[in-house]
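Just below is one structure, and these are the notes that go with it.
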Amino acid sequence: MSPLYDCREAFGRALEEIAAADPRILVVVNDSVGSSRLGRFAKESPRRVINVGIAEQNMIGIAAGLANGGKIPFVCGASCFLTGRALEQIKVDLAYSRANVKLCGMSSGLAYGQLGPTHHSLEDLAWTRVIAGLCVVVPADPLETDQAVRAAAEFDGPVFLRISRMPVPAVHGADYRFRMGQAGVLRSGDDITLIANGTMVSRALAAASLLAGEGISARVLNLATLQPLDREAIVDAAAQTGALVTVEEHSIHGGLGSAVAELVTTTCPVPMRILGIPGNFAPTGSAAWLFEHFGLTPEGIRSAAWELLRTRVRQ
Amino acid sequence: MRQDVKLPSPCLATDHRIEADELPPQLRKLSAAVRRDSLRMVHRARLGHPGGDLSSADILVTLYFGALRIDPTRPRAPDRDRFIMSKGHCSAAFYATLAAAGFFPEDELDTYMQPLSRLNGHPNRTELPGVEANTGSLGHGLPVAVGAALAAKIDGAAWRTFVLTGDGELQEGSNWEAAMAAAHYELSNLTVIVDRNGIQQGDRTERTMRLEPLAEKWRAFGWSVCEVDGHDHIALLEAFHAVPFHPARPNCIIAHTQKGKGVSFIEDRVDWHHRVPTDEELAAALRELDEAAQ
């Protein structure tokens, strides 16, 4: 069994390192230092951490103003509040104003499972990816998280990083290089493509292994950047494998599956399954339990792939 | 007090410097010109917010020609003062002031809200020099201004941040989050000016959602407050040059104004929040403004 990592650790370390090298980098939080794994950073560089209290609208506005004054703010808060509570500020103060601010939506998706739907962040990708000019990145493992933080800092413009707290295995080798807007083929295959990001990537890879044992060659595409979309990689997958299963820790409406569907229906329509959380509020339960409940498991992905493959055979 | 008016700021572009003894008449003329331009722009566009344009004209002109340390030829100079027009719907007066200050050609005012114009109904910093923040949705300017002032404070920089808000706009809670933060960070380099004309889109502010006692609210949030006649250029100048009022507190200037100021039939009328003048009304308004500027 491969070791599991909380990507927030890699996130906090990367932020400390780039902040040490670039005095323009600041952290802005809404009393969320601990949950963003920035305790050490805050202790060692207290002047670089701006805690605005529990006030998300103000937090985004302040970040936009700091960027106007030449800073590069990383705004870190629970994704459910950061996006939902300040969505219009994200649209106007950051994206429309082209402010050089990095949003870090922590503990996204179902991470706060037992705390209930107020704390679930199953809409954040739908909300953010439709905002013009806002890059949306969902790293899958510690290495990709580390590199996404650095890439966001180098990119001149607003970026939303969706950082999970769910333990995940490493899915990338040490030579992996994250590039904003570029999807990665983590496993080649010709019969079907499994497209995932974030916590679902390792599960898609495990599903591909199960399918391989059953004679199915499944490609696995890590769509770490949801906006801008790697159109070529997705259209190639549709054209070359003829069937797509998307998997996301998000509502099935408006997120990764929708982004892929919007593209392939107008370029290379193929049978698809969209796995995620159906359009209802999730029941109480731990995140791990909820993943099982919603079939967001290697077995669940495998079943969806077979369902799709059988449909294709019938056609 | 009139003799004590200080010279305009040293970084103001030379072309636009006004000598102290000329200040009030010059500012009056410029304000009248901004009012005339605003009404012409709204009339031509068949859209706009003339009531608020006219209430904010004296504040904008006094800031740009008597207080802000800015250079229109270097609109992104790191050490410039920041001015954020939180009441972005009063874009006609804002654009007319920016053009008069030299940020872009005055002819361009004719393109206000025309297809593909840089002069959108609400200001866009990515297209128009001199705009610091994209506003139009209310309650956005003050939080952004707090961030800018905080950046200057972190750097120990001398540039200051000014933000003009409407009064109805203060019903947005984001302003009070920002007010709390500005006092917490002791941003004495931040000045909010409230265009207190007493009227919002649908009715008077006090009938819609009471703001008073407004000065006490700001004081309770930890700000130093000064109340002035928002159409008295000298009073405005004195207030702008007196900041910081306190070494560790943000500054609030409540500028008591009249919506539609300067045109008798527009003054203090709710329906002129976003009414468009007819040809006859425009002609009558321009006549009044011309006479007053003499």
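The values are calculated or read from the model by the stated rules, or taken from the named source; none is laboratory data. The model shown is predicted, which means the values in this text are computed figures rather than measured ones. With ideal geometry, Cβ positions are generated from the backbone for all residues, glycine too; neighbour counts draw on all protein chains shown.
Side notes on the structure shown:
- Residues within segment B:56-95 that are away from chain A (no Cβ under 13 Å), touching a helix residue (DSSP H, G or I) at 6+ places or on another chain (Cβ under 9 Å) and not hydrophobic (A, V, I, L, M, F, W, C), tallied: 10
- Enumeration of residues in segment B:156-212 that are among the small types (Gly, Ala, Ser), touching a residue at least 24 places away in the same chain (Cβ under 8 Å), surrounded by fewer than 24 Cβ atoms within 10 Å (Cβ to Cβ) and within 14 Å of chain A (Cβ to nearest Cβ): B:ALA157, B:ALA158, B:GLY173, B:ALA183
- Qualifying residue in segment A:1-13 (condition: within 28 Å of B:GLY156 (Cα to Cα) and within 14 Å of another protein chain (Cβ to nearest Cβ)): no
- Each residue in segment B:43-81 was checked for being in a helix (DSSP H, G or I) and either in contact with a Lys or Arg (Cβ under 6 Å, 6 or more places away or on another chain) or under 16 Å from B:GLU267 (Cα atoms) (or both), and 9 of them qualify.
- Subset of segment A:152-177 (residues that are touching a strand residue (DSSP E or B) at 6+ places or on another chain (Cβ under 8 Å) and hydrophobic (A, V, I, L, M, F, W, C)): A:ALA152, A:ALA153, A:PHE155, A:VAL159, A:PHE160, A:LEU161, A:ILE163, A:MET166, A:VAL168, A:ALA170, A:VAL171
- In summary, A:CYS76 fulfils each of the numbered conditions (1) more than 20 Å from the chain's Cα centre (by Cα); (2) crowded, with 22+ Cβ neighbours inside 10 Å with the single exception of condition (1).
- Test: residue in segment A:80-93 that is in contact with a Ser or Thr (Cβ under 7 Å, 6 or more places away or on another chain), assigned to a strand (DSSP E or B) and away from chain B (no Cβ under 14 Å): no
- Filtered residue count, segment B:148-186, keeping only those that are under 20 Å from the mean Cα position of the chain (by Cα) and not small (Gly, Ala, Ser): 14
- The set of residues in segment A:97-117 that are within 22 Å of A:PHE155 (Cα to Cα) and crowded, with 24+ Cβ neighbours inside 10 Å comprises A:SER97, A:ALA99, A:VAL101, A:LYS102, A:LEU103, A:CYS104, A:GLY105, A:MET106.
- Selection from segment A:131-180 of residues that are part of a loop (DSSP other than H, G, I, E, B), charged (D, E, K, R) and within 15 Å of the chain's Cα centre (by Cα): A:ASP141, A:ARG165, A:ARG179
- Being within 14 Å of chain A (Cβ to nearest Cβ), more than 18 Å from B:VAL194 (Cβ to Cβ) and at pLDDT 95 or above holds for only one residue in B:LEU109, B:LEU150, B:LEU138, B:LEU98, and it is B:LEU150.
- Subset of segment A:49-58 (residues that are at the interface with another protein chain (Cβ under 8 Å from one of its Cβ atoms) and assigned to a helix (DSSP H, G or I)): A:GLN57, A:ASN58
- Residue in segment B:107-135 that is surrounded by the most Cβ atoms within 10 Å (Cβ to Cβ), counting only those that are of a type outside the set (A, V, I, L, M), touching a residue at least 24 places away in the same chain (Cβ under 8 Å) and more than 22 Å from A:GLY69 (Cβ to Cβ): B:TYR112
- Hey, A:MET106 at the interface with another protein chain (Cβ under 9 Å from one of its Cβ atoms) and either out of contact with any Asp or Glu (no Cβ under 8 Å at 6 or more places or on another chain) or over 23 Å from B:MET180 (Cα atoms) (or both) or not: no
- In segment B:184-191 there is no residue matching the filter, namely being outside any strand (DSSP E or B) and within 21 Å of B:ALA93 (Cβ to Cβ).
- A:GLN147 vs. criteria surrounded by fewer than 17 Cβ atoms within 10 Å (Cβ to Cβ), at pLDDT 95 or above and of a type outside the set (Asp, Glu): no
- Candidate set from segment B:237-266 (those that are closer than 25 Å to B:GLN200 by Cα and over 18 Å from the mean Cα position of the chain (by Cα)); member that is surrounded by the fewest Cβ atoms within 10 Å (Cβ to Cβ): B:SER264
- Which listed residue, of A:ALA67, A:ALA63, A:ALA42, is at the interface with chain B (Cβ under 7 Å from one of its Cβ atoms) and not charged (D, E, K, R): A:ALA63
- On the stretch given as segment A:180-224, residues that are within 20 Å of A:LEU110 (Cβ to Cβ) and either of a type in the set (D, E, K, R) or buried (at least 21 other Cβ atoms within 10 Å of the Cβ) (or both) total 16.
- B:LYS217 being assigned to a loop (DSSP other than H, G, I, E, B) and modelled with pLDDT of 95 or more: no
For (1) at pLDDT below 95; (2) surrounded by fewer than 24 Cβ atoms within 10 Å (Cβ to Cβ); (3) touching a His at 6+ places or on another chain (Cβ under 7 Å); (4) among the hydrophobic types (A, V, I, L, M, F, W, C), each residue gets a yes or a no:
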| site | (1), (2), (3), (4) |
| --- | --- |
| B:MET41 | no, no, no, yes |
| B:ARG46 | no, yes, no, no |
| B:SER55 | no, no, no, no |
| B:ILE59 | no, no, no, yes |
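- Which numbered condition B:LEU116 fails, given (1) more than 13 Å from chain A (Cβ to nearest Cβ); (2) touching a helix residue (DSSP H, G or I) at 6+ places or on another chain (Cβ under 8 Å): (2)
- Per this entry, A:ARG162 is not counted among residues that are surrounded by fewer than 22 Cβ atoms within 10 Å (Cβ to Cβ) and of a type outside the set (A, V, I, L, M).
- Filtered by the rule that a residue be outside any helix (DSSP H, G or I), in contact with a helix residue (DSSP H, G or I) (Cβ under 9 Å, 6 or more places away or on another chain) and free of Cβ contacts under 8 Å to residues at least 40 places away in the same chain, segment A:181-207 gives A:LEU186, A:ARG187.
- Those helices (runs of 4 or more DSSP H) lying entirely in segment A:208-303 with at least 2 residues over 23 Å from A:SER188 (Cα atoms) and out of contact with any strand residue (DSSP E or B) (no Cβ under 6 Å at 6 or more places or on another chain): A:256-267, A:287-293
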